[in-house]
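> Below are the structure tokens for one structure; questions will follow.
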Amino acid sequence: MEELAPLPPPPPKVPHNVKPELAEAVNPKHAIISRRGFGTSGRRVPLLTNHFKVSLNLPDPVFYQYSVSISTENNRPVEGRGIGRKLIDRVYQTYSPELAGKRFAYDGEKTLFTVGPLPQNKLEFNVVLEETFAKHETRSPGGGGSPSVSGKRSKRNLRSNAFKVEISYAAKIPMKYISLALKGVEAESVAQDVLRVLDIALRQQAANKGCLLVRQSFFQDDSRNFTDIGGGVIGLRGFHSSFRTTQGGLSLNMDVSTTMILKPGKVIDFLMANQNVREPRYIDWVKAKRMLKNLRIKTTHRNMEFKITGLSEKPCNQQYFPLTVKNKGSALGEGHTVEITVHEYFAKHRGIELSYSTYLPCLDVGKSKRPNYVPLELCSLVSLQRYTKALSSTQRASLVEKSRQKPQERIRTLTDAVRNNQYDNEPVFAACGISIDRKLTQVDGRVLETPKLKVGNGEDCFPRNGRWNFNNKTLLNPTRINQWAVVNFSARCDTSRISHDLINCGRKKGIIIERPQTLIEEDPQSGRAGPIARVDMMFEQIKRKFKDAPQFILCVLPEKKNSDLYGPWKKKTLCDFGIVSQCISPTKVNDQYLTNVLLKINTKLGGINSLLEIEHSSRIPLIKDTPTLILGMDVSHGSPGQSDIPSIAAVVGSRCWPLISRYRAAVRTQSPKVEMIDALYKPSPNGKDDNGIIRELLLDFYQTSQSRKPKQIIVFRDGVSESQFNQVLNIELDQIIKAYQLLGEVDVPKFMVIVAQKNHHTKLFLANGPENVPPGTVVDTKIVHPRNYDFYMCAHAGMIGTSRPAHYHVLFDEIGFSADDLQHLIHSLSYVYQRSTTAISIVAPICYAHLAAHQMGQFLKFEDSSDSASGQRSSTSAGNIPIPELPRLHKDVQSSMFFC
């Protein structure tokens, strides 16, 4: 059983008369605001949610926290996670009377909790763990031992290990902290201590069942929960569970969760699936060695577990190792050493004739100087081993398709899980009188009125169920394309036909597209070159055909997703030449496909597809009369395991006030895995210039908004957890204000800061229907924070699976939106996304920031690591590690919506 990512240690105790201080900002300038009211508009709808009510049935129980120290007989500390639970279980079994029968909630490492105190503040116990091991005579080849030539199956022996376990009192945590926090009497941080204890009890219960623990989710080794997604990877369905303080009281948030594990079974089968080869002889062993390192296997000939440390240098029938053989007639068991191959050893001394692994490397399960070789065909991967690398687009698509659950199915899965887990019987919960309701919580929702849109010819457009289309309609502000080209990177399609169909479809939507100046097919010989060289060669052809740069290029790529050509192509067009381009990889070209492509092209070239009706007529509350800049901020990180790839910070800013549909992006690199954006404000050493993101967006707003400066700035921030909210306010907001002040401004705008989260576990269901909640559904009572200003909104229509609402947290508001006005604004911002004709699940500025970060992040993918994309490197905030800077966009496209 593997246990990962233990909970963090408890925060240090802070006296009640002292306010906690931020590590990042010793004197925080901005505090998170409390809720100022509730929304009332919209049609009321009864809902269910996956929060299960928690009742506290005993008067004020107190948790006692103890520190756990484990050492060996000779006082060497023991750090292993797995052994901690075994030892504490043995302590309970052996010394229960000395512990007054108290049950523990143990985190598997250095902390445990009891309900009420133990008899003494410090207790010491001696514990013996017995484990099976094989005698030295039976070591596998290369282990330095000498298997007996008799070939008899050896006996298993029991080895006893003695440990010393010390349990020392650390702190008291009264359960009443929860009720005080719920009433707003006590700070929420003290309630977090109690929630931590309860979450540890949940994890302990799951660990005792042999589950894989991943943060606050747990996964049972049950093949009924396996989903094969290819490449030797299994999607394993389990459950997220965490206690939350809400307006309605304490609740258990339970949700379906999925993690990736390696497909258990024969190692050779895994390697062939992972590398997508049909026979062992095609396996790339360099890749295999990287993939297998540190994985756990079980051997069939000895039924023992090992960790893989590497591969043998030679195949099984050529890999020699020293074997000690008994001398005949020697009574004392003296022997001599012979060199023997692994294959010969198993045939002669173990009676095992190897087949396919004879000519393959062996797995090494020994130490660096004492290899221990095991033939591949005798090895199977142990179950519940996490796969933490990035999934391919095929694997991701397969996982999404196979793990969908319709609302009613998800409700059944969750209620069954709560019933089957029998939380009421968990000893620590029972001791403090906790019982958990087995029914989903009922909550009132409201469905906001759908915004009306304006399209071409002065027509109104009325979305239905979060969707609309341009059938028999034209775009509001269509562009005209005069000089353009089609280039085809060896994709098998008729580019002449595609361009003809695009022209016809464009005419229906109001876009006048002339015939392309040229159709360029890639030279078949070029297709063998690398991505950057192929793009360069294509541009040589384009330059020969055009005297001046074309207005637009349609680029046909051979791969639908993750084409190696995409990054180099976009860098060349956007940075070097300043040409708008649209990449396609058509499989099925119809009117709907071409319309979607035209929506992107029109937006990139400066057109407008549709506007909100209230935006078109300048009637947006609190924005229509006051110049307002809307920012969307996101940071994109490298895939799991790519710790050396820079993170990409992107901020988009609205332009052309009073519009809220048009945006410009500014993108920078920063240190890998750093979430706070450090380039919002970048003053020069003399303090007079600023090379930061915000200055760029402020100047653009001024230039496109009748020379008006923003008097209000609304910030939408994506991708931060609740523990980082204070950093957003006291680091990022502070940088934005400094950037504004450096422009010589005395009057700072009023700010509103909103964090949007999609990565949470609250789901909403209709109480009286099998389908998803309707688009525009809002919940701002009962399951929300007891004090802070947050709400859930499902703006989109969930067509497949179960909808996940966006969770909005208002951290700061100097503007003074009412709850209704703010919810209507956020709902409206889900209808201004120019790439599609559907309401989206989170506000458009955040989606645009995400797109801009992703697209410009592709620029770095193929750059030489010794040189940056722009020939410059910037240092990280930590100093030393240089970060490659992104090249700046060409002046002809830098203010465009190139990311659409």
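> Among the residues of the stretch 412-437, how many are charged (D, E, K, R) and either under 30 Å from the mean Cα position of the chain (by Cα) or under 30 Å from Leu822 (Cβ atoms) (or both)?
Here the count works out to 3.
> Would you be able to tell me the number of residues in the stretch 733-749 that are open to solvent by 50 Å² or more (accessible area, probe 1.4 Å) and either in a helix (DSSP H, G or I) or at pLDDT 95 or above (or both)? It would help to see each step written out before you state the result.
Residues of the stretch 733-749 open to solvent by 50 Å² or more (accessible area, probe 1.4 Å): 738, 741, 743-744, 746-748.
Imposing the further condition that a residue be either in a helix (DSSP H, G or I) or at pLDDT 95 or above (or both) reduces the set to 738, 741.
Adding up the residues that qualify gives 2.
> Look through Phe321, Phe243 and report the one residue that is more than 30 Å from Thr781 (Cα to Cα) and buried (at least 16 other Cβ atoms within 10 Å of the Cβ).
None of the others qualify; the one that does is Phe321.
> For the stretch 707-732, enumerate the residues that are out of contact with any Leu (no Cβ under 8 Å at 6 or more places or on another chain) and open to solvent by less than 10 Å² (accessible area, probe 1.4 Å).
Arg717, Val720
> So which residues in the stretch 682-728 are closer than 30 Å to Asp625 by Cα, touching an Asp or Glu at 6+ places or on another chain (Cβ under 9 Å) and part of a loop (DSSP other than H, G, I, E, B), if there are any at all?
Passing the criteria: Lys709, Lys711.
> Between residues in the stretch 544-563 that are crowded, with 20+ Cβ neighbours inside 10 Å and residues that are of a type in the set (Val, Ile, Thr) and assigned to a loop (DSSP other than H, G, I, E, B), which pairs lie under 7 Å by C-beta distance while being six or more apart or on different chains?
What qualifies is Pro550/Ile579; Ile553/Ile579.
> When you go through Val674, Val667, Val635 one by one, which is the residue that is closer than 30 Å to Thr388 by Cβ and open to solvent by 40 Å² or more (accessible area, probe 1.4 Å)?
Exactly one residue qualifies, and that residue is Val674.
Quick grid of which residues meet (1) farther than 22 Å from Arg668 by Cα; (2) assigned to a strand (DSSP E or B); (3) hydrophobic (A, V, I, L, M, F, W, C); (4) touching an Asp or Glu at 6+ places or on another chain (Cβ under 9 Å):
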{"position": "Val810", "(1), (2), (3), (4)": "yes, yes, yes, yes"}
{"position": "Gln823", "(1), (2), (3), (4)": "yes, no, no, yes"}
{"position": "Ile826", "(1), (2), (3), (4)": "yes, no, yes, no"}
{"position": "Ser830", "(1), (2), (3), (4)": "yes, no, no, no"}
{"position": "His850", "(1), (2), (3), (4)": "no, no, no, yes"}
{"position": "His854", "(1), (2), (3), (4)": "no, no, no, no"}
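> Could you list, in sequence order, all residues of the stretch 281-308 that are of a type outside the set (Ser, Thr, Tyr) and touching a Cys at 6+ places or on another chain (Cβ under 9 Å)? Quick ask: steps written out before the conclusion?
Kept after step one, since they are of a type outside the set (Ser, Thr, Tyr), are these residues of the stretch 281-308: 281, 283-298, 301-308.
Result: Ile297, Lys298, Phe306, Ile308.
> Scan (1) open to solvent by less than 30 Å² (accessible area, probe 1.4 Å); (2) out of contact with any helix residue (DSSP H, G or I) (no Cβ under 8 Å at 6 or more places or on another chain) for the single condition Phe429 breaks and write down its number.
(2)
> Something else about it: What's the number of the only condition in (1) part of a strand (DSSP E or B); (2) open to solvent by 60 Å² or more (accessible area, probe 1.4 Å) that Asn294 fails to meet?
(1)
> In the stretch 612-632, what count of residues is obtained for those that are out of contact with any Cys (no Cβ under 9 Å at 6 or more places or on another chain) and either of a type in the set (Phe, Trp, Tyr) or buried (at least 22 other Cβ atoms within 10 Å of the Cβ) (or both)?
We begin by selecting, within the stretch 612-632, every residue out of contact with any Cys (no Cβ under 9 Å at 6 or more places or on another chain); these are 612, 614-631.
Imposing the further condition that a residue be either of a type in the set (Phe, Trp, Tyr) or buried (at least 22 other Cβ atoms within 10 Å of the Cβ) (or both) reduces the set to 615, 623, 628-631.
Counting residues in the stretch 612-632 that are out of contact with any Cys (no Cβ under 9 Å at 6 or more places or on another chain) and either of a type in the set (Phe, Trp, Tyr) or buried (at least 22 other Cβ atoms within 10 Å of the Cβ) (or both) gives 6.
> Using the structure shown, decide if Lys314 is of a type outside the set (Gly, Ala, Ser), out of contact with any helix residue (DSSP H, G or I) (no Cβ under 6 Å at 6 or more places or on another chain) and farther than 30 Å from Val54 by Cβ.
yes
> Looking only at residues in the stretch 257-274 that are in a strand (DSSP E or B) and within 20 Å of Cys362 (Cβ to Cβ), which one is least open to solvent (accessible area, probe 1.4 Å)?
Leu262
> Within the stretch 543-574, how many residues are outside any loop (DSSP other than H, G, I, E, B) and touching a Lys or Arg at 6+ places or on another chain (Cβ under 7 Å)?
1
> Still on this model: Out of (1) within 30 Å of Thr245 (Cα to Cα); (2) charged (D, E, K, R); (3) surrounded by 14 or more Cβ atoms within 10 Å (Cβ to Cβ), the odd one out for Lys473 is which?
(1)
The values are calculated or read from the model by the stated rules, or taken from the named source; none is laboratory data. Note that the structure is predicted; figures quoted are calculated from it, not measured. Please note: Cβ atoms are built from the backbone with ideal geometry, for glycine as well, and neighbour counts cover all protein chains shown. Side chains included, ligands, DNA and RNA excluded: accessible areas come from the protein's heavy atoms. Shrake-Rupley method; radii C 1.70, N 1.55, O 1.52, S 1.80 Å.
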